[in-house]
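Participant: This structure is in C-alpha coordinates; I'll ask about it shortly.
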Amino acid sequence: MRNEMSSVLNRNFTAALGAALLAVLPAAGYGHGGEDHGEDKAAAPVPQIASGPRLESTTPDFALLAAAEKNRLVVWLDRYATNEPVLDAKIQAESAGRKLEFKPAAGGTYEAGADWLTQPGRHEISFTIEAKDTTDLMIGVLEISSPAAPAKNIVRLPGTRWIWAGIGGVLLVAGTVLAVLRGRRKIKEAL
(Lines give C-alpha, C1' and ligand atoms only; values in the text may rest on other atoms or scores of the structure.)
Protein backbone atom coordinates (compact mmCIF):
# COMPACT_ATOMS: atom_id res chain seq x y z
CA MET A 1 0.00 0.00 0.00
CA ARG A 2 2.78 2.39 0.92
CA ASN A 3 4.65 1.34 -2.19
CA GLU A 4 1.56 2.15 -4.31
CA MET A 5 1.26 5.58 -2.64
CA SER A 6 4.90 6.43 -3.33
CA SER A 7 4.45 5.29 -6.96
CA VAL A 8 1.50 7.69 -7.43
CA LEU A 9 3.43 10.57 -5.79
CA ASN A 10 6.47 9.79 -7.92
CA ARG A 11 4.34 9.89 -11.10
CA ASN A 12 2.75 13.20 -10.07
CA PHE A 13 6.15 14.68 -9.24
CA THR A 14 7.55 13.54 -12.59
CA ALA A 15 4.55 15.01 -14.43
CA ALA A 16 4.89 18.33 -12.57
CA LEU A 17 8.64 18.43 -13.24
CA GLY A 18 8.04 17.73 -16.95
CA ALA A 19 5.42 20.49 -17.13
CA ALA A 20 7.79 22.93 -15.43
CA LEU A 21 10.57 22.11 -17.89
CA LEU A 22 8.23 22.51 -20.86
CA ALA A 23 7.18 25.93 -19.53
CA VAL A 24 10.74 27.16 -18.92
CA LEU A 25 12.69 25.75 -21.88
CA PRO A 26 11.08 27.89 -24.66
CA ALA A 27 12.40 31.01 -22.91
CA ALA A 28 15.94 29.85 -23.73
CA GLY A 29 15.16 30.13 -27.43
CA TYR A 30 14.28 33.84 -27.56
CA GLY A 31 16.23 35.75 -30.19
CA HIS A 32 18.93 38.16 -29.14
CA GLY A 33 21.51 40.22 -30.94
CA GLY A 34 25.09 41.26 -30.50
CA GLU A 35 26.69 37.87 -31.03
CA ASP A 36 28.55 36.73 -34.12
CA HIS A 37 28.36 32.96 -33.35
CA GLY A 38 31.88 32.44 -34.64
CA GLU A 39 31.35 33.72 -38.17
CA ASP A 40 34.31 35.83 -39.26
CA LYS A 41 32.89 36.87 -42.63
CA ALA A 42 32.82 40.57 -43.33
CA ALA A 43 29.36 41.89 -44.10
CA ALA A 44 28.81 42.95 -47.69
CA PRO A 45 27.99 46.63 -48.10
CA VAL A 46 24.29 47.27 -48.53
CA PRO A 47 23.35 49.65 -51.33
CA GLN A 48 21.63 52.78 -50.12
CA ILE A 49 18.18 52.97 -51.66
CA ALA A 50 15.77 55.75 -50.89
CA SER A 51 12.83 54.82 -48.72
CA GLY A 52 10.60 57.69 -49.84
CA PRO A 53 8.12 57.92 -52.72
CA ARG A 54 9.19 56.27 -55.99
CA LEU A 55 8.25 56.00 -59.61
CA GLU A 56 9.23 53.41 -62.19
CA SER A 57 9.18 53.63 -65.95
CA THR A 58 10.43 51.28 -68.66
CA THR A 59 10.88 51.39 -72.42
CA PRO A 60 12.47 48.83 -74.76
CA ASP A 61 15.82 50.58 -74.19
CA PHE A 62 15.82 51.76 -70.55
CA ALA A 63 14.51 51.04 -67.07
CA LEU A 64 14.27 54.07 -64.80
CA LEU A 65 13.64 54.27 -61.08
CA ALA A 66 13.25 57.69 -59.45
CA ALA A 67 12.98 58.28 -55.71
CA ALA A 68 12.17 61.45 -53.81
CA GLU A 69 14.55 62.22 -50.94
CA LYS A 70 13.54 65.42 -49.12
CA ASN A 71 14.10 68.16 -51.70
CA ARG A 72 15.94 66.17 -54.38
CA LEU A 73 15.08 63.51 -56.91
CA VAL A 74 17.46 60.55 -57.32
CA VAL A 75 17.36 58.50 -60.55
CA TRP A 76 18.74 55.04 -61.31
CA LEU A 77 18.92 54.34 -65.05
CA ASP A 78 19.68 50.88 -66.47
CA ARG A 79 19.68 49.26 -69.90
CA TYR A 80 16.43 47.32 -70.08
CA ALA A 81 17.87 44.29 -71.89
CA THR A 82 20.98 43.77 -69.73
CA ASN A 83 20.17 45.63 -66.50
CA GLU A 84 23.57 47.31 -66.62
CA PRO A 85 23.68 50.90 -65.30
CA VAL A 86 23.84 53.73 -67.82
CA LEU A 87 26.66 55.94 -66.56
CA ASP A 88 27.02 58.49 -69.36
CA ALA A 89 23.48 59.71 -69.86
CA LYS A 90 22.07 63.18 -70.02
CA ILE A 91 18.76 63.25 -68.12
CA GLN A 92 16.26 66.08 -68.04
CA ALA A 93 12.82 66.04 -66.43
CA GLU A 94 9.73 68.21 -66.47
CA SER A 95 6.69 68.31 -64.19
CA ALA A 96 3.96 70.98 -64.36
CA GLY A 97 6.28 73.44 -66.11
CA ARG A 98 9.15 72.86 -63.67
CA LYS A 99 12.34 71.64 -65.34
CA LEU A 100 15.10 69.57 -63.77
CA GLU A 101 18.62 68.93 -65.04
CA PHE A 102 20.19 65.80 -63.50
CA LYS A 103 23.86 65.52 -62.63
CA PRO A 104 25.78 62.25 -62.19
CA ALA A 105 26.22 61.22 -58.54
CA ALA A 106 27.87 58.38 -56.65
CA GLY A 107 26.98 54.76 -57.37
CA GLY A 108 25.75 55.30 -60.92
CA THR A 109 22.85 57.51 -59.89
CA TYR A 110 21.74 60.92 -61.09
CA GLU A 111 20.43 63.72 -58.85
CA ALA A 112 18.56 66.99 -59.21
CA GLY A 113 17.28 69.43 -56.62
CA ALA A 114 13.50 69.85 -56.56
CA ASP A 115 11.90 71.91 -53.79
CA TRP A 116 8.40 70.95 -54.97
CA LEU A 117 8.99 67.31 -53.87
CA THR A 118 7.84 68.26 -50.37
CA GLN A 119 4.35 69.15 -51.68
CA PRO A 120 1.83 66.30 -51.27
CA GLY A 121 0.00 65.09 -54.37
CA ARG A 122 0.46 63.31 -57.70
CA HIS A 123 3.32 64.62 -59.80
CA GLU A 124 3.48 63.42 -63.40
CA ILE A 125 7.09 63.63 -64.52
CA SER A 126 8.41 63.22 -68.05
CA PHE A 127 12.08 62.27 -68.44
CA THR A 128 14.18 62.86 -71.55
CA ILE A 129 17.10 60.43 -71.74
CA GLU A 130 20.09 60.84 -74.06
CA ALA A 131 22.73 58.10 -73.86
CA LYS A 132 25.29 57.60 -76.64
CA ASP A 133 23.21 56.82 -79.75
CA THR A 134 19.85 56.37 -77.97
CA THR A 135 17.28 59.03 -77.07
CA ASP A 136 14.12 58.14 -75.19
CA LEU A 137 11.14 59.75 -73.47
CA MET A 138 9.87 58.17 -70.23
CA ILE A 139 6.86 59.18 -68.15
CA GLY A 140 5.90 58.27 -64.61
CA VAL A 141 3.81 59.45 -61.68
CA LEU A 142 5.36 60.22 -58.32
CA GLU A 143 2.84 60.11 -55.46
CA ILE A 144 3.84 62.25 -52.46
CA SER A 145 1.66 61.50 -49.44
CA SER A 146 0.69 64.00 -46.77
CA PRO A 147 2.84 63.98 -43.66
CA ALA A 148 1.53 61.47 -41.16
CA ALA A 149 0.03 62.68 -37.93
CA PRO A 150 2.40 62.30 -34.99
CA ALA A 151 2.11 58.92 -33.34
CA LYS A 152 0.50 58.77 -29.96
CA ASN A 153 2.85 57.96 -27.13
CA ILE A 154 2.58 54.32 -26.24
CA VAL A 155 3.68 53.65 -22.71
CA ARG A 156 5.30 50.31 -22.24
CA LEU A 157 6.04 49.15 -18.76
CA PRO A 158 9.56 47.93 -18.20
CA GLY A 159 9.79 44.22 -17.54
CA THR A 160 6.46 43.28 -19.15
CA ARG A 161 7.97 39.99 -20.28
CA TRP A 162 8.87 39.16 -16.70
CA ILE A 163 5.33 39.88 -15.53
CA TRP A 164 3.98 37.32 -18.00
CA ALA A 165 6.70 34.86 -16.99
CA GLY A 166 5.70 35.35 -13.34
CA ILE A 167 2.03 34.76 -14.13
CA GLY A 168 2.99 31.60 -16.01
CA GLY A 169 5.10 30.44 -13.08
CA VAL A 170 2.26 31.01 -10.62
CA LEU A 171 -0.12 29.05 -12.85
CA LEU A 172 2.43 26.25 -13.14
CA VAL A 173 2.87 26.02 -9.37
CA ALA A 174 -0.90 26.13 -8.83
CA GLY A 175 -1.37 23.33 -11.36
CA THR A 176 1.32 21.25 -9.69
CA VAL A 177 -0.23 21.72 -6.25
CA LEU A 178 -3.66 20.73 -7.58
CA ALA A 179 -2.19 17.63 -9.24
CA VAL A 180 -0.47 16.58 -6.01
CA LEU A 181 -3.62 17.16 -3.94
CA ARG A 182 -5.72 15.25 -6.43
CA GLY A 183 -3.21 12.40 -6.33
CA ARG A 184 -3.40 12.27 -2.52
CA ARG A 185 -7.19 12.13 -2.68
CA LYS A 186 -7.00 9.15 -5.05
CA ILE A 187 -4.56 7.44 -2.68
CA LYS A 188 -6.90 7.95 0.30
CA GLU A 189 -9.82 6.62 -1.75
CA ALA A 190 -7.74 3.55 -2.63
CA LEU A 191 -7.12 2.83 1.05
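The values are calculated or read from the model by the stated rules, or taken from the named source; none is laboratory data. Since the structure is predicted, the reported quantities are computational estimates derived from the model, not experimental observations. Note: ideal-geometry Cβ built from the backbone for every residue, glycine included; neighbour counts use all protein chains shown.
Participant: Can you say whether Gly108 is assigned by TED's automatic domain parsing to the domain that holds Thr59 and in contact with a Pro (Cβ under 6 Å, 6 or more places away or on another chain), as far as the supplied structure shows?
Facilitator: yes
Participant: Taking region 108-151, which residues are over 20 Å from Pro53 (Cβ atoms) and surrounded by 11 or more Cβ atoms within 10 Å (Cβ to Cβ)?
Facilitator: Gly108, Thr128, Ile129, Glu130, Ala131, Thr134, Thr135, Asp136
Participant: Restrict the check to region 142-158 and report whether at least one residue is of a type in the set (A, V, I, L, M, F, W, C), in contact with a Leu (Cβ under 8 Å, 6 or more places away or on another chain) and part of a strand (DSSP E or B).
Facilitator: Checking region 142-158: at least one residue is of a type in the set (A, V, I, L, M, F, W, C), in contact with a Leu (Cβ under 8 Å, 6 or more places away or on another chain) and part of a strand (DSSP E or B).
Participant: Which of the following residues is modelled with pLDDT of 90 or more and either under 26 Å from the mean Cα position of the chain (by Cα) or of a type in the set (A, V, I, L, M, F, W, C) (or both): Ala114, Ala63, Ala151, Ala50?
Facilitator: Ala63
Participant: Check region 76-83 and report whether any residue there is under 21 Å from Thr134 (Cβ atoms), among the hydroxyl-bearing types (Ser, Thr, Tyr) and in the same structural domain as Ile139 (by TED's automatic domain parsing).
Facilitator: Yes - at least one qualifying residue is present in region 76-83.
Participant: Mind counting the residues in region 56-75 that are in contact with an Asp or Glu (Cβ under 9 Å, 6 or more places away or on another chain) and either aliphatic (A, V, I, L, M) or over 16 Å from Thr134 (Cβ atoms) (or both)?
Facilitator: Adding up the residues that qualify gives 10.
Participant: Of the conditions (1) free of Cβ contacts under 8 Å to residues at least 60 places away in the same chain; (2) crowded, with 20+ Cβ neighbours inside 10 Å, Pro85 fails just one. Which one is it?
Facilitator: The failed condition is (2).
Participant: Let me ask something additional. Here is a list: Gly108, Gly166, Gly121. Which entry is touching a Leu at 6+ places or on another chain (Cβ under 6 Å) and modelled with pLDDT of 80 or more?
Facilitator: That would be Gly108, the only listed residue that is touching a Leu at 6+ places or on another chain (Cβ under 6 Å) and modelled with pLDDT of 80 or more.
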